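The next block holds one structure in the form of structure tokens; read it before the comments.
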Amino acid sequence: MTEISREDIEGLSERLDKVEAYLHVDEKRGKVAELEKLSAEPGFWEDAEGASRTMEQLTRAKEDVVAIDSARSELEDVKAALELGEETGDEDLLAEAGSTLERLVSDLGELELSTWFTGEFDHGDAIVTVTPGQGGLEAQDWCDMLFHMYLRYCERRGWKVDVNDAPVADVIGIDRATFTVSGRNAYGMLRAEQGVHRLVRISPTDDKKRRQTTFAGVEVLPVLPDDVTVDIDPQDLRIDVYHATGHGGQGVNTTDSAVRITHIPTGTVVTCQNERSQIQNKAIAMGILRSRLYERELAKREAEIDELRGPKRDIGFGNQIRSYVLYPYKMVKDLRTGIETGNVDAVLKDGDLDPFVIGYHRWRVGGGGE
């Protein structure tokens, strides 16, 4: 049984006050009331697209309000159970208070995580792209392993995933994977995964069973809200359609529905093939292109500022952020934070990434990162 005291409860109450203030919950209560009133108006659903956006805003606003209200309610339950348990000596009540407290500490930790995300798009959705690096066929297999690791992680977190593009390679693995993740703090959380991921193992394609080192890159972009302007001249685009292949199911290969968009001035290429119509694939590809060009412009501005500041003095580990070693020992280690585990299967097969993702953000806000 977890022993608790009134000091524990007071400490949690103070933490909850800070999180509520940071998340501007009072403002969101007003936003919820406003959007609920709007959604109840006659003709609201006549503009299906606009109504859908409004309902999405309502859901997002409700998330924090419901989370805070639930935490407040649980805190009151802990107080009541503790007081009654102390008065009556009822061990069951005290045990209930302890278990509720443990759950509340976990829930509050998740809410506090939101306060670490101060970027413009951190609380929104994300576009993740995994591409093979050095290592030939092995890298394509490694790309597929990472892709499924992230699918499992998103499932654990309750995030929705739409696979936009994941063409199967000719021999092993996949050529790349692009998928959109929708859920609370998806972009903020997944920013921790941006960079190069290194795999060391016995090669499954080498008859001599030699050790192989392989690389894959992970790119994480925000899904841009509609009110963010990205100027794209249609004359700068080359749009190709082709036969869809890969993870889209049996019907995906029946027409030339896959779309490849090339932004000629920058050489940026986006493909999407997992929707059943060319129009849907084109719309999704354009959304991904907007995000990539937006990030490209931000990176260009940051590079210009860095040039004015002069060379950086801190030399880190370069682009490689994490190593996954399957031979001669088993270990996953984040090279930025030093966090590691020997339970490789829990990470790669079960998507147990929270220790690394949350650990990265704790390290970042503590002054260790960007």
Worksheet entry | Search result, residues across segment 114-149 that are of a type in the set (A, V, I, L, M, F, W, C), assigned to a loop (DSSP other than H, G, I, E, B) and crowded, with 19+ Cβ neighbours inside 10 Å | PHE121
Worksheet item: When the residues of segment 76-102 are filtered to those that are closer than 13 Å to ASP8 by Cβ and not hydrophobic (A, V, I, L, M, F, W, C), which remaining residue is nearest to the chain's Cα centre (by Cα)?
Response: GLU102
Discussion item. Please verify whether VAL228 is in a strand (DSSP E or B) and touching a residue at least 12 places away in the same chain (Cβ under 8 Å), treating the condition exactly as stated.
Written reply: no
Discussion item. Criterion first (among the β-branched types (Val, Ile, Thr) and outside any strand (DSSP E or B)) does VAL218 satisfy it?
Written reply: no
Worksheet item: So ALA186 clears everything in (1) touching a Phe, Trp or Tyr at 6+ places or on another chain (Cβ under 9 Å); (2) free of Cβ contacts under 8 Å to residues at least 24 places away in the same chain except one condition, right? Which one?
Response: (2)
Practice prompt. Just give me the residues in segment 158-189 being part of a helix (DSSP H, G or I) and surrounded by fewer than 18 Cβ atoms within 10 Å (Cβ to Cβ), in sequence order.
Written response: none
Worksheet item: Regarding ILE239, is this residue loosely packed, with under 14 Cβ neighbours inside 10 Å, of a type in the set (Val, Ile, Thr) and more than 20 Å from the chain's Cα centre (by Cα)?
Response: yes
Worksheet entry | Number of the condition not met by ARG152 [criteria: (1) farther than 23 Å from LYS330 by Cα; (2) part of a helix (DSSP H, G or I)] | (1)
Fill in: Only listed residue being among the hydrophobic types (A, V, I, L, M, F, W, C), modelled with pLDDT under 95 and farther than 16 Å from ASP354 by Cβ, chosen from ALA169, ALA177
ALA169
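The values are calculated or read from the model by the stated rules, or taken from the named source; none is laboratory data. The structure presented is a predicted model; accordingly, all values stated were derived computationally and were not measured. A quick note on method: Cβ atoms are made from the backbone with ideal geometry, for glycine too, and the neighbour counts reach across all protein chains shown.
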